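Step one of this worksheet: look at the structure below.
The values are calculated or read from the model by the stated rules, or taken from the named source; none is laboratory data. Source: prediction; values computed, not measured. Glycine gets a Cβ as well: all are built from the backbone with ideal geometry, and neighbour counts include every protein chain shown. Surface areas here come from the heavy atoms of the whole protein model, side chains and all, with no ligands, DNA or RNA. Shrake-Rupley method; radii C 1.70, N 1.55, O 1.52, S 1.80 Å.
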Amino acid sequence: MRILSVLLFIASAGVFSACNKSAESKTANKDKPVIFYNSKPTASQSQDIDMSVMNWNDRTFFVGSDAIGGGILQAQMIADYFNNTDIALADRNGDGVIGYVLCIGDMGHTDSTGRTEGVRKALGTWNGSPDPKNTVEGRLKAGGKEFKVVELDGRTMTGTDGTTWNASAATEAMGNWATKFGTAIDLVISNNDGMAMGCLQASNYPTGVPIFGYDALPDALEAIKQGKLTGTISQNSDGQIAAVLQLLRNFFDGLSAAEAVESGFSRPDKYGNQISCGITYDPEHKTLTVPNLAVTKENCDDFFQQIRNGGIHQTDAEAKKVLCTTRNASDLFFAAQYIPALRHYAPLLNLNVTLIQGDGQNESTILDAFTNLGRYDGYMIGPLRSSSARDYIDKLKY
């Protein structure tokens with residue numbers, strides 16, 4: 001079953017409408033700003049950005065978090081945990097090996113493959129590929145002792161309906177892992193919070209085994225507070241959305257590419273707005289990256305209430321129309337973090353955002369609705385698959 005919803009954020013009123021009857025933009029599609037976000041355009045499953053996509057025009061950019069860096073930060077949290085844990089608890093069966101299982105989200109998404117790469121590199125189990133089961137033996141210090149680290153199993157969590165990052169699939173996998181590996185499991189790692197929470201739903205989840213997620217979703221934060229989830233990573237989605245919309249606003253205001261990556265970022269824009277979360281710019285790959293943040297029981301209260309970027313204020317800028325795509329209408333991460341951020345920042349920057357949401361399985365559910373492109377002044381695109389970015393560019397050619 002295909003799922004598709006289209007909503008319009010009306011900047012002036014802050015409400016929704018079911019359709020957009022705006023007139024055609026006077027600018028040709030080939031000259032409009034195109035900002036990819038969340039899923040970095042690649043030519044394959046590698047982490048290498050597809051510059052043929054990024055060079056579509058001088059106003060094509062990517063905004064996101066550092067997935068590999070996030071995986072490394074996740075592994076640093078794991079190391080900190082084991083360094084402060086009794087050796088007898090760290091190595092449950094006393095075999096001198098820290099055995100872990102890994103929930104992989106989607107091999108076609110650079111955030112998933114990047115997080116897998118980062119955490120494996122930091123644990124020493126990276127073997128040159130994010131593929132499941134392609135690992136080597138690593139090392140980890142705990143309580144002054146060095147342990148071997150072994151990935152007992154890594155698996156892409158795909159549901160019976162074809163959706164990836166699937167929590168129910170993680171529940172089933174965790175149940176099977178607990179039965180198969182028993183006390184050899186000392187650690188559970190997940191590419192996102194949804195799958196981590198799915199693991200915790202397994203009836204035989206091993207008591208006391210630390211589990212680390214990724215995304216800092218509300219239910220995960222509550223689980224951390226209750227001591228069920230050990231830690232997670234915030235990819236600063238609020239900063240990502242603010243950066244995407246700021247970049248679009250800059251281009252709509254006639255700034256050059258060189259000016260657009262500075263105005264509102266390294267210096268205030270003409271409205272006095274400036275994002276304050278430490279965004280870095282890579283000019284070679286036309287990429288703006290927001291910092292990841294580690295979340296544990298010690299600081300999780302700081303993340304319960306999503307604090308908006310105080311550097312963005314209401315502007316009197318000319319209203320512009322933006323077409324935005326997201327990968328999955330039912331995705332908890334988008335619903336909890338990206339969509340509320342869009343609702344907040346779009347009106348402040350006087351941007352009318354039409355939202356297309358796919359079914360999480362087929363790129364066509366998004367691409368089929370990526371139409372009437374002449375009505376919009378710019379585009380923010382979150383592909384289902386990182387390698388599908390080219391398909392959106394191809395549609396803008398006509």
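Between D282 and M107, what length in nm is gained on full extension when 0.36 nm per residue of separation is reduced by their alpha carbon distance?
Extra length from D282 to M107 when fully extended: 60.5 nm.
Highest mean first, what order results for 142-148, 241-247 on Cβ atoms within 10 Å?
Descending packing order for the listed peptides: 241-247, 142-148.
Compute the length gained on full extension between D58 and K133: take 0.36 nm times their separation in residues and subtract their Cα-Cα distance, giving the result in nm to one decimal.
Computed gain between D58 and K133 is 23.0 nm.
Near D153, within a Cβ-to-Cβ distance under 9 Å, what is the net charge of the other residues, with Lys and Arg +1 and Asp and Glu -1?
Result for the neighbourhood of D153: +2.
Send over a whole-number figure in Å² for the accessible area per residue of the chain, probe 1.4 Å.
39 Å²
With only alpha-carbon atoms in the gyration tensor, what are the semi-axes of the equivalent ellipsoid for the stretch 125-186, in Å, largest first?
The answer is 26, 16, 9 Å, longest axis first.
Please report the antiparallel percentage of the DSSP beta bridges confined to the chain, to the nearest 5.
35 percent
Set the bar at 31 Å for Cα to Cα. Now go through K32/K121; K270/K297; K286/K397; K148/K286 and name every pair that lies beyond it.
Table pairs above 31 Å Cα-Cα are K32/K121; K270/K297; K148/K286.
Restricting to Cα atoms and excluding each atom paired with itself, what does the Kirkwood estimate give for the chain in Å?
Across the chain, the inverse of the average 1/r is 21.7 Å.
Could you sort the peptides 293-300, 184-191 by per-residue average Cβ neighbour count (10 Å cutoff), highest mean leading?
Listed from highest to lowest mean packing, they are 184-191, 293-300.
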